[in-house]
Each structure stands twice: as C-alpha cells, then as structure tokens.
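The values are calculated or read from the model by the stated rules, or taken from the named source; none is laboratory data. Owing to the predicted nature of the structure, the values given are computational and were not obtained by experimental measurement. Note that we place each Cβ from the backbone using ideal geometry, even for glycine, and neighbour counts take in every protein chain shown.
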Amino acid sequence: MRYAICFTPTPSDPLSQVAANWLGRNVFSGEMVEPPAIRGIGIHEIAFHTAVPRRYGFHGVLKAPFHLAPDVSETQLLRDMMRFSGSFQPFRIPRIEVARLHNYFSLVPSVPCEYMHYLASAVVQHFDRFRAPLSEAEIERSDPDGLSAAQFANLHRWGNPYVMDEFRFHMPVTGPVNLVDMPRIEQALRNVFEPVLAEPVTVANIALMIEEGTGGPFRVHSLHPMGKVSARKIA
C-alpha cells in the first residue's frame with residue numbers, strides 16, 4: 001500500500017464531477033462512471049486515453065506516492081496532516097486551463113501560483129519522515145539516466161525528481177497521446193472542461209490518497225481542511 005498527499009476539489013465541486021465523468025472514476029468513492037458523449041470521439045477512445053489518470057483519480061500531486069517508513073503509522077500520518085493543514089490558510093488559483101505537457105494533457109494554472117508552489121515544497125519537506133526510502137527498482141522506474149542534475153538530486157533526496165524548483169502543479173486528464181490525435185483530444189477536453197473553468201479554484205483542503213492494493217487504483221482517504229475554523233469560511 002502506498003500513500004500520496006495531493007490537492008483535489010471537494011466531491012461537490014463541479015470540477016470534481018466533470019473530471020470524474022471524463023476519467024470514468026470517482027476518486028472519492030472509487031466507483032466507475034460512464035464517460036460523457038462527445039462529438040468526434042467515442043467512449044472507448046476516451047477510456048483508452050484516460051487509462052493512466054483514471055487509476056490515480058483526479059488530483060494534483062503535492063507529495064508523490066510513497067510507502068510508509070517502518071517506524072511510523074497511518075495514524076501518525078493522519079494526525080500530522082491535521083496539524084499541518086491547519087497551519088496554512090486557504091487560497092485561490094485565479095484560473096486553470098487545459099494545457100499540453102510533453103505528450104499528455106493536464107489542467108494547470110494559467111499563470112504560476114506561488115501559494116501552490118510554496119505549499120507543495122512544504123508538504124514534500126514536512127512529510128518526508130513518513131516516506132520509506134526508494135527501492136532500487138523504484139529508482140530505475142524513474143529513469144534516472146534521463147533526468148537533469150537537479151532532478152536526479154531531488155530523486156535521491158526527496159524520492160521524486162519533480163519537486164522544489166522542478167515542481168509544476170498540474171492535474172492530469174490524459175495519459176500519453178499520439179501527436180496525430182492531439183488536436184482532436186485537446187478540443188474534446190476544452191469542450192468538456194472549459195464550462196467549469198471560468199471560476200477560480202479554491203484550495204482549502206489537502207487530500208490523503210491511498211492505493212488500493214499493490215498497483216491498484218488510488219482513492220481519497222480523507223480531506224484535511226486548511227486554516228483555523230474561522231478562516232475556512234472563505235471557502
């Protein structure tokens with residue numbers, strides 16, 4: 001079993017509901033969802049292109065999946081997450097948009113969000129004591145030969161190449177897409193998501209996600225509200 005610390009909107013947020021429909025799975029309940037009918041792209045093609053993010057559920061990773069260190073417990077992790085989340089004030093990402101990252105698509109802030117970058121860096125550092133060291137097999141799966149010097153250092157120090165200065169917040173909505181299919185998939189994504197991207201995204205919770213068995217899907221175990229009780233009312 002692995003854990004991950006992420007951001008995802010609340011279950012009632014329209015963005016969560018649209019993302020669950022697109023990916024074909026609700027990250028909170030784990031239930032499969034019938035994909036939407038979209039002109040120009042069939043449901044089987046949607047299922048193919050969303051296979052990777054469907055397993056992980058709709059989220060933006062803050063601390064990548066990790067095994068618990070042998071000297072800590074899930075109870076301790078949950079207790080620490082409650083304390084930690086209360087020390088950060090909720091904030092808003094003014095706008096997010098569909099964007100191509102390498103050969104896949106994600107939802108990303110239209111302009112870099114310093115608050116999210118700071119939160120992610122703090123999560124990586126604060127919860128590192130809960131992370132078991134990477135195995136040799138896990139290091140190899142990260143393709144260390146293809147990493148930059150900074151990414152390689154991050155991999156060995158924090159268990160993930162893409163943290164600190166290498167971090168870019170994103171919420172994946174496809175797996176790899178062939179170059180020839182990209183324009184059509186991008187248009188489908190815009191048709192599906194843009195109606196719910198007009199409003200700012202409120203970041204008022206940190207999610208603990210858990211992998212269901214080895215190699216199984218991830219689901220939200222718990223949401224940990226940010227800020228003191230009075231401050232949470234802005235969300």
Practice item. Would you mind stating whether Ser12 is within 18 Å of the chain's Cα centre (by Cα), surrounded by fewer than 16 Cβ atoms within 10 Å (Cβ to Cβ) and not charged (D, E, K, R)? Key: yes
Practice item. Would you check if Glu186 is touching a Phe, Trp or Tyr at 6+ places or on another chain (Cβ under 7 Å), closer than 25 Å to Ile96 by Cβ and among the acidic types (Asp, Glu)? Key: yes
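What number of residues within region 100-126 are in a helix (DSSP H, G or I) and hydroxyl-bearing (Ser, Thr, Tyr)? Spell out how you get there, then give the answer.
First, pick out the residues of region 100-126 that are in a helix (DSSP H, G or I): 114-126.
Checking the rest, the ones that are also hydroxyl-bearing (Ser, Thr, Tyr) come to 115, 118, 121.
Adding up the residues that qualify gives 3.
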Check your understanding: Would it be correct to say that Val27 is touching a residue at least 24 places away in the same chain (Cβ under 8 Å), assigned to a loop (DSSP other than H, G, I, E, B), closer than 30 Å to Leu134 by Cβ and among the aliphatic types (A, V, I, L, M)?
Key -> yes
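Assess whether Arg190 counts as being in contact with a strand residue (DSSP E or B) (Cβ under 8 Å, 6 or more places away or on another chain) and over 22 Å from Lys63 (Cβ atoms). Let's see the steps before the verdict.
Working: in contact with a strand residue (DSSP E or B) (Cβ under 8 Å, 6 or more places away or on another chain): yes; over 22 Å from Lys63 (Cβ atoms): yes.
So Arg190 passes the test.
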Practice item. Please work out which residue is modelled with the highest pLDDT, limiting yourself to region 1-18 and to residues that are more than 20 Å from Ile96 (Cα to Cα) and assigned to a loop (DSSP other than H, G, I, E, B). Key: Arg2
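Among the residues of region 42-52, is there at least one that is under 18 Å from the mean Cα position of the chain (by Cα), of a type in the set (D, E, K, R) and part of a helix (DSSP H, G or I)?
Narrowing region 42-52 to residues under 18 Å from the mean Cα position of the chain (by Cα): 49-52.
Within this subset, residues satisfying the condition of being of a type in the set (D, E, K, R) are none.
No, region 42-52 has no match at all.
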Practice item. Hey, could you check region 19-50 for residues that are crowded, with 19+ Cβ neighbours inside 10 Å and touching a Phe, Trp or Tyr at 6+ places or on another chain (Cβ under 8 Å) and say which is modelled with the lowest pLDDT? Key: Pro35
